[in-house]
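The values are calculated or read from the model by the stated rules, or taken from the named source; none is laboratory data. Quantities reported herein were computed from a predicted structural model and do not represent experimental measurements. Counting neighbours? That spans all protein chains shown, and the Cβs are built from the backbone with ideal geometry, glycine included. Surface accessibility is based on the protein's heavy atoms, side chains included, excluding ligands, DNA and RNA. Shrake-Rupley method; radii C 1.70, N 1.55, O 1.52, S 1.80 Å.
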Amino acid sequence: MSYYDVDAILTDAQKVPCTFELDVPGLGFLDNNAGHTLREGTRVELPLWLSEMLAVSSGSTSKNLVTLGLPPALAPRVMNALKADPKSVDLRALAQHFYGLGARILELFDEKEICEVLMQTFRTRAAEIADHANNAGVGSRGGAAVVGDGVEFLRGLDEDERALFRAAHDSAKAMKVWMGEMKKN
Amino acid sequence: MALPLPPGLTPMEVAFFCEMEMITVVPRQRLESLELLGGPTPVLKPPQRANLPLWLALLLKRQRRANILPPPWLLPTSLERILRYETETSPNAFSPPPPHPYAVTARQAPTDTISPPFLPSSTDDAPPDCLPYHWLELGEILLEACSDDITDPGHVRTLLRDLREVRMAKMRASTKDFDAEGGGVNSLVGVGAMEVAEGRQFILGVMDGLRKLGASKEAARREQEAGGEGGDLSEDDEMEM
């Protein structure tokens, strides 16, 4: 993950629920309560990069500043849906960088099951993406033009899957161009 | 990124490499031996058959100085047989590549590492039931340049398209069995150069995504193994290389 990678930055900017374990003076603006103390036990949504720092760093006391929760995109409800049918879930609506978020969360939590479900989801959807990418036509501006029932599925792809779709579509297109060229000469 | 091209070869580059393949021609005019970088070409005496690099054969064909003999695997009957093998006999694996002409034994020999295009696989004595490394591009180029030398070119073209579809579908489906420990495309034996070039981007993307997702699991597994036995780990690393 490169420092200047826009996707990495956007991944880290996704929100994670945090519960404060201590009173913090002056941080009330996080909870729409500017100028006041942030009370112990308040749940706020913080970007991943910030909440990670707060959760991992421990001050003078042994108590952690915040406790991390699982983001709603990785909630058990979503995991069950993914287990039932990976292809019918709209990942983009859950999180733009769904797999990036998943990988970052798995670094922080020891969740074997989420890891398994995510990998299985990625595998199953990848095969589906490849099929769509190969069948997609070429749009008027050189991009992919999908017709039919694939549109709904492709709209629900997260950023990583979109890159995958683009890669598969580009190589299929290059192949078609080469074969078409052969015909012209 | 300096070069706007993705990693790997473009179809045009693969086709360029394919032009080094040896192919059999029937000359229609005499031609003395040519001193090429890769060695002298045989003297062309009609109607004796001779093996030439594809690019030279195409040149002579274009000048009507030679006819190209299509390789035995490019006949409709052979292609039909291979297609039947791909769809019915082994619907999950790729059809095997042609056997290595120099038997690879336990004793190492300098011929062990020779690979196409330095192994003739498309001359008129090539095995008829195996698709060589450059099958797709060679077939397309020959259909383009010398469809009059090929028996039933329309049917051959359809068969090549069918084979390509079947094999690409296999390649795409194989991503379903990937896992972080390097499983998945369990065998790329028999896959052609053009298919590798076409599938590379997608398969790399899938493997990279799975590696990222499985990174934490992998780290945990390594820690566990390091705690157990040191020797195992290094051996495992070598295997993954």
Self-check item: Loss of accessible area when A meets B, both sides summed, Å² nearest 100, probe 1.4 Å
Solution: 2700
Quiz item: How large is ³J(HN,Hα), in whole Hz, for each residue of region B:33-44 in order, when computed from phi with the Karplus curve 6.51 cos²θ - 1.76 cosθ + 1.60 and θ = phi - 60°, using x for Gly and Pro?
Solution: 4, 9, 8, 9, 4, x, x, x, 7, x, 5, 8
Quiz prompt | Most to least accessible of B:Y85, A:Y4, B:Y102 (protein chains only, probe 1.4 Å) | solution = A:Y4, B:Y102, B:Y85
Quiz item: With every protein chain kept in the model, how would you rank B:W55, B:W73 by accessible area, 1.4 Å probe, largest at the top?
Solution: B:W55, B:W73
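Which of the trypsin sites (Lys or Arg not before Pro) found in region B:75-114 are loop residues per DSSP with 13 or fewer other Cβ atoms within 10 Å of their Cβ? Walk me through the numbers on the way to the answer.
Values: sites: B:R81, B:R84, B:R107; in loops: B:R107.
For trypsin sites (Lys or Arg not before Pro) across region B:75-114 that sit outside H, G, I, E and B with at most 13 neighbouring Cβ atoms in 10 Å, the list reads B:R107.
Within 10 Å of each Cβ in peptide B:200-208, how many partner chain Cβ atoms are there on average? Round it to a whole number, please. Please list the in-between numbers first.
On the way: counts 2, 10, 14, 4, 2, 11, 10, 1, 3.
Partner Cβ neighbours, averaged per residue: 6.
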Quiz item: On average, how many beta carbons from a partner chain sit within 10 Å of the beta carbon of a residue in B:167-174?
Solution: 3
Exercise. Subtracting the Cα-Cα distance from 0.36 nm times the residue separation, let me have the gained length for A:F29 to A:A93 in nm, one decimal.
Key: 20.3 nm
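In percent, what relative contact order does region A:1-69 have, based on Cα pairs under 8 Å that are 6 or more apart in sequence?
Taking the mean separation of contacting Cα pairs over the length of region A:1-69, I get 34 percent.
Under the rule a/c < 1.5 gives rounded, and otherwise a/b versus b/c splits prolate from oblate, where does region B:32-116 land using the Cα gyration tensor?
Values: a/c = 3.15, a/b = 1.38, b/c = 2.29.
The shape class here is oblate.
Pairs of Cα atoms under 8 Å, at least six residues apart: use those to get the relative contact order of chain B, whole percent. The partial results should precede the final answer.
On the way: 307 pairs, mean separation 51.5, N = 241.
Relative contact order, chain B: 21 percent.
Please go through the residue pairs A:K15/B:K217; A:K83/A:K112; A:K112/B:K212 and name each one whose alpha carbons sit more than 21 Å apart in this structure. Write out the running numbers ahead of the final one.
Details: A:K15/B:K217 23 Å; A:K83/A:K112 14 Å; A:K112/B:K212 14 Å.
From A:K15/B:K217; A:K83/A:K112; A:K112/B:K212, over 21 Å: A:K15/B:K217.
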Practice problem: Provide the net charge surrounding B:I150, with neighbours chosen by a C-beta distance below 11 Å and charges set as Lys +1, Arg +1, Asp -1, Glu -1. | Solution: -3
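Roughly how big is region A:1-69's charge dipole about its Cα centre, with Cβ charges of +1 (Lys, Arg) and -1 (Asp, Glu), in debye to the nearest 20?
Details: 4 positive and 9 negative charges, 44 e Å.
That gives a dipole near 220 debye.
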Exercise. Starting from 0 in steps of 20 Å, tell me what percent of the Cα-Cα pairs of the protein assembly as shown lands in each bin.
Key: 21, 43, 25, 9, 2
Quiz item: How far apart, in nm, are the 7 Å Cα→Cβ label points at A:K83 and B:T113?
Solution: 5.0
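If R₀ is 45 angstrom, what is the calculated FRET efficiency for the pair B:E32 and B:A106, using the beta carbon separation as r and rounding to 0.05? Don't skip to the end; give the middle numbers.
On the way: r = 44 Å, r/R0 = 0.98.
About 0.55, to the nearest 0.05.
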Practice problem: Any chance you could look up the accessible area of B:K45 with a 1.4 Å probe, heavy atoms only, rounded to 10 Å²? | Solution: 80
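Before anything else, pin down the relative contact order of chain A: Cα pairs under 8 Å, at least 6 apart, normalised by residue count, whole percent.
Numbers: 219 pairs, mean separation 32.3, N = 185.
Over chain A, the number comes to 17 percent.
Sorted by packing (mean other beta-carbon atoms within 10 Å per residue), highest first, where do B:124-135, B:161-172 land? Mind dumping the intermediate values first?
Details: B:124-135: 20.2, B:161-172: 17.8.
Top of the packing list down: B:124-135, B:161-172.
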Exercise. Shielding by partners for B:216-222, please: the mean number of other protein chain Cβ atoms within 10 Å of each residue's Cβ.
Key: 4
Quiz item: How large is ³J(HN,Hα), in whole Hz, for each residue of region A:30-39 in order, when computed from phi with the Karplus curve 6.51 cos²θ - 1.76 cosθ + 1.60 and θ = phi - 60°, using x for Gly and Pro?
Solution: 5, 10, 6, 9, 4, x, 10, 7, 7, 6
Quiz item: Local charge sum around A:K15 (other residues, Cβ-Cβ under 13 Å, Lys/Arg +1, Asp/Glu -1)?
Solution: -1
Quiz item: How much solvent-accessible surface does B:R30 expose, in Å² to the nearest 10, with a 1.4 Å probe and all protein chains in place?
Solution: 150
